[in-house]
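Only one structure is covered here, and it is reproduced in the block below.
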Amino acid sequence: MKKRADSEAQMRLRITRSIVALHGTLGPSRTSISSIAKHARVPRSTVYRHFPNEEALFTASTGHWLAANPFPDLRPWAPLQNRDERLRMVLRELYPYYRKTQRMFENVLRDEETMPILNQMLGGYRRYVGDARKILMQGHGQPPSARRRIHAALGHALAFLTWRSLAVDQELNDNESAELMILLCRANSK
């Protein structure tokens with residue numbers, strides 16, 4: 001009985017790894033059950049047995065991917081009092097993370113418009129960015145109009161698409177990108 005359960009768990013893991021690999025290379029919208037089965041070297045019916053619906057498939061693959069690619073830890077950032085240093089620390093961890101996970105983020109964000117389930121799967125990422133922005137907003141006691149601008153500037157600095165524009169399109173390295181965003185945020189915190 002235990003041997004069968006272990007075999008089933010290994011099969012599920014093999015299929016999950018195939019899903020993650022295909023989402024990272026082709027993207028979710030271009031990944032079919034047939035391509036998953038072919039990549040995992042199993043019949044389609046085996047994929048359906050382990051993942052009977054889209055939610056089960058995406059929940060497993062997202063969990064597996066996040067376990068291998070956890071977001072940078074927010075906790076060390078909060079105690080820093082200097083706002084520029086706090087933002088610098090955040091971006092110097094977040095931007096290399098984006099570089100490492102670039103292909104998956106590009107594919108998932110591209111496909112989000114056509115696959116509503118991706119909005120749900122991106123919920124954890126959006127909460128993470130929101131929590132990071134709350135930490136970065138600490139110490140900004142300006143009038144509401146200035147707080148609104150710095151809130152927007154920080155949201156922009158934390159966004160994957162901002163990093164992509166700076167690092168890929170403009171060919172800045174991660175430190176240059178971070179310093180540019182620090183200048184933007186500093187200019188809007190006055």
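The values are calculated or read from the model by the stated rules, or taken from the named source; none is laboratory data. Computed from a predicted structure; not experimentally measured. Here Cβ is always computed from backbone atoms with ideal geometry, including for glycine, and neighbour counts include all displayed protein chains. Note: areas computed on protein heavy atoms with side chains; ligands, DNA, RNA excluded. Shrake-Rupley method; radii C 1.70, N 1.55, O 1.52, S 1.80 Å.
Descriptive notes on the structure:
- Close pairs from segment 160-171: first surrounded by 18 or more Cβ atoms within 10 Å (Cβ to Cβ), partner among the acidic types (D, E), Cβ under 9 Å, at least 6 apart: F160/E106; W163/D174; R164/E106; L166/D174; L166/E176; A167/D174; A167/E176
- Of all residues making up segment 71-89, the number that are out of contact with any Lys or Arg (no Cβ under 7 Å at 6 or more places or on another chain), part of a loop (DSSP other than H, G, I, E, B) and either without any contact (Cβ under 8 Å) to a residue 60 or more places away in the chain or open to solvent by 70 Å² or more (accessible area, probe 1.4 Å) (or both): 8
- Test: residue in segment 58-70 that is open to solvent by 30 Å² or more (accessible area, probe 1.4 Å), within 18 Å of A159 (Cβ to Cβ) and out of contact with any Asp or Glu (no Cβ under 6 Å at 6 or more places or on another chain): no
- Pick from segment 113-132, criterion among the polar types (S, T, N, Q) and part of a helix (DSSP H, G or I), ranking: surrounded by the most Cβ atoms within 10 Å (Cβ to Cβ): Q120
- Selection of segment 141-152 for residues being of a type outside the set (D, E, K, R) and either more than 21 Å from P72 (Cβ to Cβ) or open to solvent by less than 10 Å² (accessible area, probe 1.4 Å) (or both) yields G141, Q142, P143, P144, S145, A146, I150, A152.
- Considering the conditions (1) assigned to a helix (DSSP H, G or I); (2) farther than 21 Å from G27 by Cβ; (3) of a type in the set (D, E, K, R); (4) open to solvent by 20 Å² or more (accessible area, probe 1.4 Å), R110 is excluded by exactly one of them, (2).
- Residue check for T46: in a helix (DSSP H, G or I), surrounded by 13 or more Cβ atoms within 10 Å (Cβ to Cβ) and without any contact (Cβ under 8 Å) to a residue 40 or more places away in the chain: yes
- Here K100 clears all of (1) more than 18 Å from Q120 (Cβ to Cβ); (2) open to solvent by 70 Å² or more (accessible area, probe 1.4 Å); (3) without any contact (Cβ under 8 Å) to a residue 24 or more places away in the chain except the condition numbered (3).
- Verdict on I135 being farther than 16 Å from T62 by Cα, in a helix (DSSP H, G or I), touching a residue at least 40 places away in the same chain (Cβ under 8 Å) and among the β-branched types (V, I, T): yes
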